[in-house]
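Where a number appears in this text, it was derived from the coordinates with a stated rule and is not lab data. Please read all numbers here as calculations on a predicted model, not as lab measurements. Reconstructed Cβ throughout: ideal geometry from the backbone, glycine too, with neighbour counts over all protein chains shown.
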Amino acid sequence: MRALKWSLAPLMMAWPLLIGSLHDHVGSWPLLVTGALLLAWRFPEARWLAITAGGGLILLGLLGEAEWGVRAYPVAINAVMLALFAFSLWQGPPVIERLARLREPDLPASGVRYTRRVTQVWCLFFLINGSVAAWTACYASLSLWTLYNGVISYGLIALMFTGEWCCRYRLRRTSP
């Protein structure tokens, strides 16, 4: 099962690019159903939330055109990630703290505060990125939607990781 998860991860990351290239050949409904299944499968730790999001994609397809549901896939991913990160702030420990404790089990209080702030920043990122994804789904051409959701958003994620790593490195260097 773990091998399947890792083998399908590139498919999920390339989803917008696949939509951009396959949509005219395959049509919306096969892509919509595949996307909904991938979404439900990808988040086992929040299966109910992912299934709800995948069902929402199908519902969008049923209410309008199936292409709406296909284009809403990145919106659903951002919504699920936002919900997971935000819920962890409320229910604790925050997602980033959990990740930090894998490397440093005895995280100091300053590290706990820092990881909480980073989790909040990721929540803001998912909110903004999901909003832009929603705008491109509703108003942009398929090529612009593909460009933003398949290239630009991943660049922004890389910038977030790099920026956080630089901040953490600087803080560790200046901390006693």
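Observations, loosely collected:
- 88, 143 arranged by Cβ crowding within 10 Å, fewest neighbours leading: 143, 88
- Label-point separation in nm, residue 24 to residue 37, each point 7 Å along Cα→Cβ: 2.6 nm
- Its Cα gyration tensor gives the range 91-155 an equivalent ellipsoid, and the semi-axes of that ellipsoid, as √(5λ) in whole Å with the largest first, are 34, 11, 8.
- Residue order, fewest to most beta carbons within 10 Å, for 171, 82: 171, 82
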